[in-house]
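Derivation of every value follows stated rules applied to the coordinates shown; laboratory data play no part. Predicted model, so just to flag it, every value in this text is computed and none were measured. All Cβ positions, glycine included, derive from the backbone under ideal geometry; neighbour counts span all protein chains shown.
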Amino acid sequence: MDHDDKPEVREFLIPKKKFRVIFFIGKGGVGKTTSSAATALALARMGYKTLIVSIDPAHNLGDVFMKELSDKPREIGENLYASELDMKKLITSYLKRLEESMKHMYRYLTVINLEKYFEVLSFSPGIEEYATLEAIREILNSGKDWDVIVFDTPPTGLTLRVLALPSISLIWTDKLIELRRKILERRRAISNIKGKQEFKIEGKTFVLPTEEENDEVMKELKAYRKEVESVNTMITDPDVTSVVGVMNPEMLPLYETERAYESLRKFNVPFNLIVMNKMMELQPEIPELKVKIDSQKKVLEEVDEKFKNVEVVKIPFLPREPRGFNELEVIGKYVVGMT
Amino acid sequence: MSKAEKIKKFRDFFQGMMESFKDQSTGYIEFETRELENVFALLIMGSFVGIPSPPTTLVIRLMPHMVREVYVMQARAADMDDIFGEITSMFDID
């Protein structure tokens, strides 16, 4: 579907409930940052209080706006706020926090010799994704401060894993809750016959909890489930979240966008729009570049065929990279659908 | 032996018998509970033994409350060579 001539604003980019969340995903170098910056600017100009956050460790959001950015949102124009999250710092502080809480809470750490386990844990796979998800969750929790939150994300792989995390965490938590229930049921049965069950370790005596309300493990499980579910509800709600795939009219970005489309669909994250960047249009035709134009045409045909219900915006190849507000606004209007 | 002492002994004997009955009746459930607690701890500490593990954030939040489970897991590992002993004694095989 090509709706370039459609004058109305794309509904999935403007707030419908309290606020709107837009993720820009895509292969490295296809123009995610430029497209997201342009979209954020266009939405801000429409009067929506917009926050754009870069969670890509290789930041260049500041370069596109030509402003210095930090991890605190900075007002860079009317209704427009921007920040660059320092992912490295974030991960380090996430690990530090974990380490601190462990040192505080594991009095029995030395008893059963768990230090080594925690050393391993900080290198455990996925720690980066969890830290990123925590960061996104924090920003989403401040959602009421904004009308629109735009995320400029790292290249597809990491982003997809992050967006899939809430669903996967829910599966884990549900399984663990189920297992915990079985344990508590059995403990209840035993204490019905034999009375309160005690457990002694290092001279301290604990009463083994038998009810869900007294069991700290169950309480944590349920609290965690609630938190994850709130994120999951947000990112799977088409009235809140939209994912925009950015690509170039070439085969490799096409394959990657396709994979992203498939896996987001599996996790019910709404994928609404493809921004086709750097479209070549040559008048008159130059024979040396005919191959390029032909392959571009082929990619466009495939896109039309493979992405049903996804709109496509074509951005022409520009003589130079757009930087600064005026140039960005032109592109932003394309994406939002005002031109 | 006075009458009161006799009664006390008699009562103790019955109490002991009741305890033993109770122990026998809950033996299986206790064994099962320990197994489940062991599995729970193993799952939470999966990354330690190389099995897929739950979200790290969740693991960290659960760990402080898992003294009992981790203890059971450790005991289980230590008694690994005598697991048949435990099962046979449960079924009264000498």
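Please give the average number of partner chain Cβ atoms lying within 10 Å of the Cβ of each residue in B:24-30, rounded to a whole number.
Details: counts 0, 4, 8, 1, 1, 7, 6.
Mean partner-chain Cβ count within 10 Å for B:24-30: 4.
Considering every alpha-carbon pair of chain B, the percent of pairs per 10 Å bin, from zero through the bin containing the longest distance, is 14, 30, 23, 17, 10, 4, 1. Other protein chain C-beta atoms within 10 Å of residue C-beta, averaged over A:129-138: 1.
Residue by residue, segment A:313-323 carries 3J(HN,Hα) couplings of 10, 9, 10, x, 5, 9, x, 8, 4, x, 9 Hz when phi is fed to the Karplus relation 6.51 cos²θ - 1.76 cosθ + 1.60 (θ = phi - 60°); x denotes Gly or Pro. Taken about its Cα centre, segment A:11-336 carries a charge dipole of about 1100 debye when Lys and Arg each add +1 at the Cβ and Asp and Glu each add -1 at the Cβ. Averaging the sequence gap over all C-alpha pairs within less than 8 Å and six or more residues apart, then dividing by the number of residues, gives chain B a relative contact order of 26 percent. Here segment A:10-68 is treated as a sphere whose radius is the Kirkwood value from Cα pairs; by Stokes-Einstein at 4 °C and 1.567 mPa s it diffuses with a coefficient of 105 µm²/s. The overall shape of chain A, judged from the alpha-carbon gyration tensor, is prolate: a/c is not under 1.5, and a/b is greater than b/c.
Where a ≥ b ≥ c are the square roots of the eigenvalues of the C-alpha gyration tensor, would you call segment A:290-339 rounded, which needs a/c under 1.5, or, failing that, prolate if a/b is larger than b/c, or oblate?
Details: a/c = 3.98, a/b = 1.44, b/c = 2.77.
Judged from the Cα gyration tensor, segment A:290-339 comes out oblate (a/c at least 1.5, b/c at or above a/b).
Within the listed set B:Asp23, B:Asp82, B:Asp12, the residue fluctuating most in the Gaussian network model of chain B (springs between alpha-carbon atoms under 10 angstrom) is B:Asp12.
Only Cα pairs under 8 Å and at least 6 apart count here; give the relative contact order of chain A as a rounded whole percent.
On the way: 517 pairs, mean separation 103.1, N = 339.
Relative contact order of chain A: 30 percent.
Out of B:Glu35, B:Glu19, B:Glu69, any idea which swings most in a Gaussian network model of chain B, alpha carbons joined below 10 Å? Result: B:Glu19 has the largest fluctuation of those listed.
Residue by residue through B:50-56, how many Cβ atoms from other chains fall within 10 Å of the Cβ on average?
Values: counts 0, 0, 3, 5, 9, 13, 12.
For peptide B:50-56, the averaged partner shielding equals 6.
Of A:Leu264, A:Leu208, A:Leu133, the residue with the greatest mean-square motion in the GNM of chain A, using alpha carbon springs below 10 Å, is A:Leu208.
Rounded to the nearest 5, what % of DSSP beta bridges with both residues in the protein assembly as shown are antiparallel? Please list the in-between numbers first.
On the way: 7 of 38 bridges.
So the antiparallel bridges amount to about 20 percent of the total.
Amide H to amide H, with H built 1.01 Å from N, A:Val21 comes under 5 Å of A:Ile149, A:Thr241, A:Ser242, counting only residues 5 or more places away or on other chains. For segment A:228-330, the gyration tensor built on C-alpha atoms gives an oblate shape. Its axis ratio a/c (a ≥ b ≥ c) is at least 1.5, and a/b is not larger than b/c. Comparing Cα centroids, segment A:266-294 and segment A:220-238 end up 37 angstrom apart. Taking the number of Cβ atoms within 10 Å of each Cβ as an exposure proxy, the fewest-first ranking of B:Val49, A:Val228, A:Val310, A:Val275 is B:Val49, A:Val310, A:Val228, A:Val275.
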